[in-house]
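Everything on this sheet refers to the single structure shown next.
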Amino acid sequence: MEGVGAGNLRRVAGELAGRTALVTGASRGLGRVIAADLAAAGADVVGMARDPAALEAAVGSFGGPGSHSALPHDLADVDGIAARVEGLEVDVLVNAAAVMSARRSKTLDTSLDEWRDVRAVDLDAPFALVSALVPGMARRRWGRVVNLSACLGRMSGPGTAGGLAPYRVAKAGLNAMTRNLAHELALGRRGVLVDAVCPGHCRTDMGGPDAPRSVEEGADTALWLAARGSTLADPVPTGRLWEDRVEVPW
Ligand SMILES: NC(=O)c1ccc[n+]([C@@H]2O[C@H](COP(=O)([O-])OP(=O)(O)OC[C@H]3O[C@@H](n4cnc5c(N)ncnc54)[C@H](OP(=O)(O)O)[C@@H]3O)[C@@H](O)[C@H]2O)c1
């Protein structure tokens, strides 16, 4: 089991046992660890990513009592997302898949194609998944949406301070969508919590081998958010940006 200690697992299993979780980017990196943790906590997990073989291998490695399946899809095909997830009743949506923009892609030094390609996977695809899956969560009065954002997309600290423009701006958009949607869902009073996470700089294909944090450290807050208990009358704080289980400014 990766990423969640036995004590943590006992604590979160109550909320997640028997739930269905869809995790994008489940084939590797942070999405894979988050998906494995959700599976270990008792959820049925549907993994999405492009490469079917890598996704099958990842999903096949998940433990836990639930059933786990691979749903390969290129999220750049945003128009095809609704049909791909049609009929699924998802309780937990984790938008972890993303692509980075070219290292030198400043606003005045990027192409419209790159801008659109990054936005499609990093912002439009999460929107399409939210549109398809969150109405069911609201009807059933239980749901969790966890969006993997990035410090680079914040309006404070190191965020949106120049460079990597398509990626930073898409993540800033994801932050805005998170907050907006949470308010539209009455900040948890309809049973759906919507939050964003900065995982920090982690050792993945995107983060590189020299990043300071492990994938387990980066994945922890996403699992914690997915597993939080809440009530309709007195919901826990939601519509926030979190880092290491602590709220941080957008
Ligand atoms: N690692 C970091 O330091 C860091 C820091 C801040 C934020 N984040 C965020 O954390 C999340 C996970 O990052 P990571 O480092 O784990 O990334 P990663 O190692 O590069 O993995 C990306 C995942 O997304 C999937 N993916 C990429 N493009 C896709 C597409 N077009 N359609 C479907 N799936 C696609 C990949 O699978 P396929 O290639 O098979 O499609 C893979 O499963 C991202 O949202 C990222 O922006 C990461």
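The values are calculated or read from the model by the stated rules, or taken from the named source; none is laboratory data. Not measured: the values here are computed from a predicted model. Reconstructed Cβ throughout: ideal geometry from the backbone, glycine too, with neighbour counts over all protein chains shown.
Looking at the stretch 198-230, which of the residues that are near the ligand (Cβ under 8 Å from one of its atoms) and of a type in the set (A, V, I, L, M) is farthest from Arg28 (Cα to Cα)?
Ranking the qualifying residues of the stretch 198-230, first place goes to Ala211.
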Subset of the stretch 90-129, residues more than 11 Å from the ligand (Cβ to nearest atom), part of a loop (DSSP other than H, G, I, E, B) and small (Gly, Ala, Ser), comes to Ala102, Ser105, Ser111
Would you check if there is a residue in the stretch 181-192 being surrounded by 15 or more Cβ atoms within 10 Å (Cβ to Cβ) and under 28 Å from Asp113 (Cα atoms)?
-> yes
Which number in (1) touching a His at 6+ places or on another chain (Cβ under 9 Å); (2) surrounded by fewer than 23 Cβ atoms within 10 Å (Cβ to Cβ) marks the one condition that Asp51 misses?
-> (1)
Output the residues belonging to the stretch 51-89 that are within 11 Å of the ligand (Cβ to nearest atom), assigned to a loop (DSSP other than H, G, I, E, B) and closer than 21 Å to Gly29 by Cα.
-> Asp51, Leu71, Pro72, His73, Asp74, Leu75, Ala76
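Quick grid of which residues meet (1) in contact with a helix residue (DSSP H, G or I) (Cβ under 8 Å, 6 or more places away or on another chain); (2) of a type outside the set (Lys, Arg); (3) modelled with pLDDT under 95; (4) in a loop (DSSP other than H, G, I, E, B):
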{"residue": "Thr178", "(1), (2), (3), (4)": "no, yes, no, no"}
{"residue": "Ala182", "(1), (2), (3), (4)": "yes, yes, no, no"}
{"residue": "Asp195", "(1), (2), (3), (4)": "yes, yes, no, no"}
{"residue": "Thr204", "(1), (2), (3), (4)": "yes, yes, no, yes"}
{"residue": "Ala211", "(1), (2), (3), (4)": "no, yes, no, yes"}
{"residue": "Ala219", "(1), (2), (3), (4)": "yes, yes, no, no"}
{"residue": "Ala226", "(1), (2), (3), (4)": "yes, yes, no, no"}
{"residue": "Val236", "(1), (2), (3), (4)": "yes, yes, no, yes"}
{"residue": "Glu247", "(1), (2), (3), (4)": "no, yes, no, no"}
Conditions (1) among the hydroxyl-bearing types (Ser, Thr, Tyr); (2) more than 25 Å from Lys106 (Cα to Cα); (3) within 13 Å of the ligand (Cβ to nearest atom) -> Thr238 fails only (3)
